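Everything on this sheet refers to the single structure shown next.
The values are calculated or read from the model by the stated rules, or taken from the named source; none is laboratory data. As the structure is a prediction and not an experimental result, all values here were calculated from the model. As a convention, Cβ positions derive from the backbone with ideal geometry for all residues, glycine included, and neighbour counts pool all protein chains shown. The protein model used for the area step is the full one, side chains on, heavy atoms only, and it has no ligands, DNA or RNA in it. Shrake-Rupley method; radii C 1.70, N 1.55, O 1.52, S 1.80 Å.
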Amino acid sequence: MLSEKGLLIIEKLAEHNNELVTSKALAASTGMSERSVKTYLKEVADFCEQNSMTLDRKPGKGMKPCFSDAQIGKILDAVSYTHLRAHETSQDL
C-alpha cells in the first residue's frame, strides 16, 4: 500500500490520466516540494508496476499515467478510504 503522500500523488496523476505531468506541477497541486514529489514517485512507480498500471516516465519531460477506468476507480476508493480512516482517528482523540 502507498503512504499518504504516495496516495496524494497517484490521485493527482489519475486526475491527469493520459496527459504529460511534471514533478513541478505535481508539487504545486499537492503542496509538497518538488524534491519530495520525486522521492515519493519511486514508491508510486513501484506500486504501479505491482498493480499492472502504466506510468510512462520520460526524464526531463515528466510522466504520463495511462490508467484504465477500473484502476482509477481503485485509486479513488483507496484515497477515500484513507481520508475516512484519518477522519475517524482524529475523532477518537
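Provide a single number: the residues in the range 1-24 that are more than 12 Å from the chain's Cα centre (by Cα) and more than 23 Å from Gly73 (Cβ to Cβ).
2
When you look at Gly60, is it at positive phi and modelled with pLDDT of 95 or more, yes or no? No; evaluated as a whole, the condition is false for this residue.
For the range 37-50, residues that are β-branched (Val, Ile, Thr) and surrounded by fewer than 16 Cβ atoms within 10 Å (Cβ to Cβ) total 1.
Within the range 20-36, being charged (D, E, K, R), open to solvent by 90 Å² or more (accessible area, probe 1.4 Å) and either in contact (Cβ under 8 Å) with a residue 12 or more places away in the chain or closer than 15 Å to Lys61 by Cα (or both) holds for one residue alone: Lys24.
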